[in-house]
Amino acid sequence: MPHYNNSSFQHFLDDASFQQWVLFPDVENAQYWKDHYQSHPEQQKTMDEARNFILSLRFKDDHPDSEVIERSLARALEIIKTKESASPIRKLKSKTRIPAFWWAAAALLPILFSVWFIVSNKSVDKELTETDAGPAQTTTSILPGTDRATLTLADGSMVVLDTADQQSIMGQQNVKLISANGQISYKATAQALKGDEMQFNKIVTPRGGQYKIELQDGTMVWLNAASSLRYPVAFTTNKREVELEGEGYFEVAHNAAKPFIVKLTDGTQVTVLGTYFNINSYTDEKSIKTTLIQGSVMIAQGGQQKMLRPGDQAVTGQDKFNVVHLANTDQIVAWKNGYFSFNDDNLESIMRQLSRWYNVEIAFPQGVPDVLFSGELDRNLKLEELLEVFSTMKINYQIENRKLIITP
Amino acid sequence: MSIEQGLWQQISKGNREIYALIYRKLFSRFYNHGRKFTTDVVLIEDAAQEALILLWERRDKLSDIKNAETYYYSVYRNNLFAAIRKQQILAGEQELPETPEFSIESVIIAGESEASQSAELQAALKALTSRQLEAIFLRFYEGFSYEEVAEMLDITVKATYKIVARALAQLKENMLMQLLLCF
């Protein structure tokens, strides 16, 4: 009959530290139990038996195949992406900004009665949600922008890119080009990086277009409407240089050996190592705004250089080079996530954005109404649907062909 | 800061690549656990996926959770058990157990070839409750501490020690019989 001390066997069995040593040994508990084993020879047999017993309790391995794991991961990421770009957000708040002189005028002119109403409340925050009334039927509906761009290859030939087809544009400089679903990707073969003379491609988005580019090094660039990016097919030198016009959001692949530099038409250079940032450099905007989301960049313009930290925005322009810190960068990259985001923006600035995305001209025949707007709007609405929201705030509009006329 | 902590911190900052890594690791573990209770893999995958998506959605609260791994393991476990229970109700089963049954087939007593896992041993395992089997699985296989197991099973630490101790004692009793019978 097996001879051992019953209670001591159970004692080892139930000891958490003993269990840990048997199943998941680490430096500490191994040392402790080894010492214990050696200094208690009379317990060795019991310890061995307890150890064997614990080790004998096993479970079947039911871990999933990697295929199953990857499928689940892909699905989860899809769901997350869908949830994050959210349903059409149609809340808009307007604030009428009241210039001082209206106080005086109000009492004199009865026509300004409605204005006086507002004036007495100083400023009015009206929160409005889109009604389900829907836009009036127009014969020419103005659709939002889509994934559209034109690609110019090194040899000068042009290719039209749109979501319709998956195109495989043949290897220039040993780099394969695949275009599908609003994105063009540059996949380099091993040969590609052998210091050949660099060839450049240029992508141009029209008004009403947007496109996404995956550069040869893995850097992702989202190009907004009416913009362009000129870049080498393969980054063969010790610098990665691209040229931007308009607006682009960059997620730069990390490569400490090759700094990534974005050159703008006014000579400003944005240097990065590996990072996420947005550059808004439309020529019809007052200044160029480079906003850093993550990582670090250095901006150089007109002989000055400044480093940015996440949340910083560099505002550059003629004789201007300031850095401000933004509490929230969501608004800056809203476009890339599919919506417009306004924060006390005036109508002019809002209409400029709409005109690029919807490819319409804007006219304010009676001057620009003095109102500020805050809120968010889905970028994928038809123009009429979007304007319906504004019209409930006493902004009137009329669409003639591709001209948007705004009146108070 | 340990690497583990560093990874969780990256996730709370919104790093999708790191999230994907953790996703794969946890999904695999949850799946393995789930298979001890059901063969319906769709149920398991859904429960696991739900918990892991929730992890991402609440990533900015990660630092508030003492132990994110056991927390979301619990979330997945609750999802799965609720789904199994629902399935059982819809199937019209009477007398539903508190928690789904831990499959005895997934327990292997090493040293015994499957063929010779004797009737006595089977009986011994059947005599253990699902809770005991799961507690042993979580402690001995997953490596959770008694405190963590207690949290997941929603019982006191003391109760956890008792459950495991009793289970082991019972099994030992039976294996002892086996050894005796062999001689």
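The values are calculated or read from the model by the stated rules, or taken from the named source; none is laboratory data. What you are looking at is a predicted structure, and each value in this text was computed from that prediction instead of being measured. Cβ: placed from backbone, ideal geometry, glycine included. Neighbour counts: every protein chain shown. Accessible surface is based on the protein model in full, side chains and every heavy atom, while ligands, DNA and RNA are left aside. Shrake-Rupley method; radii C 1.70, N 1.55, O 1.52, S 1.80 Å.
Here are the numbers for the structure shown:
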| item | result |
| --- | --- |
| With eigenvalues of the C-alpha gyration tensor scaled by 5 and rooted, the range A:18-73, Å | 36, 14, 5 |
| Estimated buried accessible area (total), pair B and A, 1.4 Å, Å² to nearest 100 | 3900 |
| Column: log10 I(q)/I(0), Debye, Cα scatterers of the range B:63-104, q = 0.18, 0.19, 0.34 Å⁻¹ | -0.61, -0.65, -1.13 |
| Table column - 3J(HN,Hα) (Hz), the range A:319-326, Karplus curve with 6.51, -1.76, 1.60, x for Gly and Pro | 6, 9, 7, 10, 10, 10, 10, 9 |
| Within 10 Å of each Cβ in A:62-75, the average number of Cβ atoms from other chains | 5 |
| Inter-centroid distance (Cα atoms) of the range A:330-376 relative to the range A:226-287, Å | 25 |
| Sulfur and carbon atoms: percent of accessible area, the range A:181-269 [1.4 Å] | 46 |
| Computed label-point distance, nm, for sites A:Asn238 and A:Ser391 using a 7 Å Cα→Cβ extension | 6.2 |
| Rough spin-label spacing in nm, given labels placed 7 Å along Cα→Cβ, for A:Gln398 and A:Phe24 | 7.5 |
| Loop-resident sites, the range B:1-96, for trypsin sites (Lys or Arg not before Pro), counting at most 16 other Cβ within 10 Å (DSSP) | B:Lys13, B:Arg58, B:Lys66 |
| Sequence-distant residues sharing a close amide H with A:Leu404 (under 5 Å, placed H) | A:Glu361, A:Ile362, A:Ala363 |
| Linear extension gain, B:Arg166 paired with B:Gln9, 0.36 nm per residue minus alpha-carbon span | 52.6 nm |
| Å² per residue, accessible surface of the range A:319-408 at 1.4 Å | 45 |
| Distance in nm between pseudo-label sites at A:His63 and A:Gln38 (7 Å out along the Cβ direction from Cα) | 3.5 |
| Residue order for A:Thr237, B:Thr39, A:Thr152 - accessible surface, 1.4 angstrom probe, largest first | B:Thr39, A:Thr237, A:Thr152 |
| Over chain B: Kirkwood hydrodynamic radius from C-alpha pairwise inverse distances, Å | 18.2 |
